[in-house]
Amino acid sequence: MSNWDKGSYEITAAQISPAAPAVADAVEPVAGQPALDLACGTGNVALELARRGGEVTGYDGAPRLLQVAGERAAAEGLSLERVQGDLSELPFADDSFEIVTSVFGLIFTSSPQDSAAEIGRVLRPRGRVAFTSWIEEGLFQYMQDMARAAVASHFGQAPPEGSDAPFSWGDELAVRELFSESGIALQVETRELVIEEESAKELNDRWFDLHPIWITMQEMIGDAAYEEMRREALPVVESHNEAGDGSFRNTLRYLLFEGSPV
Ligand SMILES: C[S@@+](CC[C@H](N)C(=O)[O-])C[C@H]1O[C@@H](n2cnc3c(N)ncnc32)[C@H](O)[C@@H]1O
């Protein structure tokens, strides 16, 4: 499992921040309603819900990121409860929250079944849930496949596939079925998010130098294999560049799920 406190997740948090208001719009917080933001990281969604009047709890496994979320809340004069823990087991009573959200966070759970069941348990009967996952295509998918293949090859294994493959959060039918088993009916929309950088190389280096997932991988596979991956990734990042002026721009598509208990 990645140590999300390493490096600087803050850079990625800024890049994906436009998803936060989209998720807040989906759950429409009403002042005073208890809201839980799962895998809140540095607080993008949690703060957005608090700005709209929600009584927000930010939940995450990474203590440093929770601290950053708290500092951001304090700087805006917002109240934010923070709880550290794992996505597969939520330390909250049944029916605690009117709203549960997660932006590109729930997708990291080690047990999608347990997390979906826990969301169904802590959500009130008339509550609302909204979360995002990446569509499995394009640049992010390439990087993820490359990372899985590198780790598997380091340990002398084939990349996981078939019944060994991780749950596919980009498969909207599979996600809807997962949540229907927990009594939650979901609808889904496709949205877009544009990431921009000074150049393709800058983006590649930022990921390899600073992203917690990549840094964790460097520790697993060693510096030589890691630097080879960095070199292999750069032309792929460049091939996804939509900017024509030397800077970098790429449009990523994601799924926005929203729903309620049935
Ligand atoms: C891509 S970040 C998303 C953070 C935030 N939602 C945002 O929009 O910036 C993923 C987050 O999931 C958290 N995370 C990953 N696996 C986790 C787990 N098993 N339990 C709790 N948090 C986890 C990480 O610490 C990180 O903050």
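The values are calculated or read from the model by the stated rules, or taken from the named source; none is laboratory data. In this text, all values refer to a predicted model and were calculated from it rather than measured experimentally. Don't worry about glycine lacking a Cβ; one is built from the backbone with ideal geometry, like all the others, and counts go over all protein chains shown. SASA here: full protein model, heavy atoms, side chains in, ligands and nucleic acids out. Shrake-Rupley method; radii C 1.70, N 1.55, O 1.52, S 1.80 Å.
Net charge near ARG51: determine it from the other residues with C-beta under 14 Å of the C-beta of ARG51, scoring Lys and Arg +1 and Asp and Glu -1. Local net charge: -4. Other residues within the sphere of radius under 12 Å centred on the Cβ of ASP25, judged by their own Cβ, net out at -1 (K and R +1, D and E -1).
For GLN33, the residues whose amide H sits under 5 Å from its own are GLU55, ignoring neighbours fewer than 5 places away on the same chain, with H placed 1.01 Å from N.
Amide H contacts under 5 Å for ALA243: ARG249, restricted to partners 5 or more places along the chain or on a different chain, H placed in the peptide plane at 1.01 Å from N. In order along the stretch 246-252, the phi-based Karplus estimate (6.51 cos²θ - 1.76 cosθ + 1.60, θ = phi - 60°) of 3J(HN,Hα) comes to x, 7, 10, 8, 9, 9, 10 Hz; Gly and Pro are listed as x.
Computing the accessible area with a 1.4 Å probe over protein heavy atoms, can you report the carbon and sulfur percentage for the chain?
Details: 5750 of 12100 Å².
Ligands and nucleic acids excluded, carbon and sulfur reach 47 percent.
ASP60: net charge of surrounding residues, Cβ under 15 Å, Lys/Arg +1, Asp/Glu -1, itself excluded? Let's see the in-between values first.
Numbers: positive: LYS6, ARG64, ARG72, ARG82; negative: ASP5, GLU10, ASP37, GLU71, GLU81, ASP86, GLU89, GLU118.
Residues close to ASP60 contribute a combined charge of -4.
Amide H to amide H, with H built 1.01 Å from N, GLY105 comes under 5 Å of THR132, counting only residues 5 or more places away or on other chains.
Can you work out the accessible area per residue across the chain, with the rest of the protein chains kept in place, probe 1.4 Å, in square angstrom? Please list the in-between numbers first.
Values: 12100 Å² over 262 residues.
Using a 1.4 Å probe on heavy atoms only, each residue of the chain averages 46 Å².
Residues TYR59, TYR9, sorted by accessible area with the largest first, give TYR9, TYR59 [1.4 Å probe; ligands and nucleic acids excluded]. Ligands, DNA and RNA excluded, the heavy atoms of GLU258 present near 50 Å² of accessible surface to a 1.4 Å solvent probe. Computed FRET efficiency, Cβ-Cβ of LEU173 and GLN144, R0 22 Å: what is it to the nearest 0.05? Computed FRET efficiency for LEU173 and GLN144: 0.60. Backbone geometry of the stretch 177-190 corresponds, through the Karplus equation with coefficients 6.51, -1.76 and 1.60 at θ = phi - 60°, to 3J(HN,Hα) couplings of 5, 4, 7, 5, 5, 9, x, 10, 9, 10, 10, 9, 10, 9 Hz, x marking Gly and Pro.
Charges at C-beta only: +1 for Lys and Arg, -1 for Asp and Glu. How large is the resulting dipole of the chain about its Cα centre, in Debye rounded to 20?
480 debye
What is the list of residues in the stretch 26-47 whose amide nitrogen lies under 16 Å from a point 7 angstrom out from the Cα of GLU10, following Cα to Cβ? Counting backbone N atoms under 16 Å from the label point, the list is 41-44.
Once both labels are positioned 7 Å from their Cα atoms along Cα-to-Cβ, the gap between VAL236 and ALA165 label points is 1.6 nm. Rounded to the nearest 500, the helix-only mean residue ellipticity at 222 nm of the chain stands at -13000 deg cm²/dmol, with each DSSP H run of n ≥ 4 adding -39,500 (n - 2.57).
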